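Input: a single structure, listed below in structure tokens.
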Amino acid sequence: MCKHLSLCLSLFLSICLCHSFCVCVCVCVCACVCVCVCVCVCTLSLLSGVCGLSSSVQRQFHVVKEEKTWTEAQQYCREKFTDLATIDDMAEMEKITSAVQFPGVNLGWIGLKYGISPKWQWSLAGRDFYGENKAEFRNWGKSQLDGTRGEYCAAIMPGGWWHDLLCRRTFPFICYDEKSSTQPYVLVKEVKTWRESQRYCREKHTDLASVRNQRENDQIVAFTAPANSFVWIGLFRDTWEWSDGSSSSFRHWDPTEPNYVDPKEHGLCAEIWPSGQWNDKPCNYHENFICYEGEVKRTEIVRVKLQVASHVDLDDPDVQAAFLQQIGQRLRSKGLPANATLTWRKQSDGKVFHKEKNGKKKKRDEL
Ligand SMILES: [Ca+2]
Ligand SMILES: [Ca+2]
């Protein structure tokens, strides 16, 4: 990365981080001589990318025995602790259930609420399992993600392509076992629904298998060949969101939950039953609740729009890395914790940046 381009990117980011509508245009000649111009009125953006930022934490949980609605409980937790409980994995679930002195009581609300933006995520939600962008790998087959209602679970075909399918369909499935040092995958030929498969894998192994890259996809294709059928993998789609903005994909629903079909009137929120499994119910019920105390494991999503000369290759990993480095330096100088990570988020087609169509010019009085 030449100095001039690096300086220009730095300028762009300093403006971008001030939440202004400014962009820089760089023209580079002979790879390392660049002229950059920053413009502070931008109505036309050619490319956009999204970066995510997250940091890891240790949480302490507090079960509060005061019956409140979910919103009241959220307010209480934010005042006295950090927020309503976010739960990342079975280890944290055990931390919560073991902290209860009187087993059998209803533990009450956690921070999970039905939101508005469905997203695909992996059943295995371990913090350290996914490196940079590896939770974003997708290998959808032709005509998939066409919006067919209820197709919220993913299976792999013998050829390696993925299909979104109704979760209640029954197929063989592939588990992942973190304790195995040689072969982490376990193919179960008995057919089950996606949720039954998930429960089986969590009880007997670690979880349904995640696929983090093409190499793992190839391995799983070879491993699942004897089934000669669709095979469930750990990818699912839901619309639940955590109160503190965490991206945790961990869910521990009772087998028959969530079962409410209309979240509109009071919203839907999640509680922990005495069994330790989760239930959805309208958020205006009065329940005990669980707060947590600790650093927020927050994922901030920032969409970056950028106008560049046509020969600047934003698919170049070096250029993408230079951007991230600049963003990281600036955020750390503003107090971002050293353990925070910053990554570009790949879209479902594997690309970070997408060319945008020119928008309509804004009227002058809107600028
Ligand atoms: Ca489909
Ligand atoms: Ca329910």
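When nucleic acids and ligands are ignored and a 1.4 Å probe is applied, ARG330 ends up with an accessible area of around 80 Å².
3J(HN,Hα) couplings calculated from phi for segment 229-236 with the Karplus curve 6.51 cos²θ - 1.76 cosθ + 1.60 (θ = phi - 60°) are, in sequence order, 6, 4, 9, 4, 10, x, 8, 9 Hz; Gly and Pro show x.
Across segment 171-294, Cα pairs under 8 Å and at least six residues apart give a relative contact order of 20 percent.
Calculated accessible area for segment 152-285 comes out at 45 Å² per residue, all protein chains present (probe 1.4 Å; ligands, DNA, RNA ignored).
How far, in nm, would the chain grow between THR239 and ALA321 when pulled straight, counting 0.36 nm per residue and subtracting the alpha carbon separation? Don't skip to the end; give the middle numbers.
On the way: separation 82, 0.36 × 82 = 29.52 nm, distance 3.11 nm.
That works out to 26.4 nm of additional length.
Annotation: ARG195 carries an accessible surface of approximately 70 Å², with a 1.4 Å probe and no ligand, DNA or RNA atoms counted.
For segment 161-214, what's the relative contact order in percent, using C-alpha pairs closer than 8 Å and at least 6 residues apart? Walk me through the numbers before you get to the answer.
Numbers: 76 pairs, mean separation 20.4, N = 54.
Here the relative contact order equals 38 percent.
For ASP164, the solvent-accessible surface computed with a 1.4 Å probe is close to 10 Å², ligands and nucleic acids excluded.
Quick one: net charge around ARG237, please, counting Lys, Arg +1 and Asp, Glu -1 for every other residue with C-beta under 11 Å from its C-beta.
Neighbourhood net charge equals -2.
Cα gyration tensor of segment 65-181, axes a ≥ b ≥ c as square roots of the eigenvalues: rounded (a/c below 1.5), prolate (a/b > b/c) or oblate? Since a/c reaches 1.5 and a/b is larger than b/c, the shape of segment 65-181 is classed as prolate. Projecting the Cα positions of TRP253, TRP232, PHE289 onto the charge dipole of segment 214-289 (unit charges on Cβ atoms of Lys, Arg, Asp and Glu, taken about the Cα centre) puts TRP232 furthest along the positive direction. Across the cross-link table entries LYS65/LYS113; LYS264/LYS351; LYS80/LYS113; LYS264/LYS305; LYS65/LYS119, which are compared at the Cα atoms, the separations over 25 Å belong to LYS264/LYS351; LYS264/LYS305; LYS65/LYS119. Look at where the Cα atoms of segment 130-181 and of segment 62-81 average out, and the two centres are 37 Å apart.
The values are calculated or read from the model by the stated rules, or taken from the named source; none is laboratory data. Remember, predicted model here, so these are calculated numbers, not experimental data. Neighbour counts run over all protein chains shown; Cβ positions are idealised from the backbone, glycine included. We work out accessible area using only protein heavy atoms, side chains counted, and drop any ligands, DNA or RNA first. Shrake-Rupley method; radii C 1.70, N 1.55, O 1.52, S 1.80 Å.
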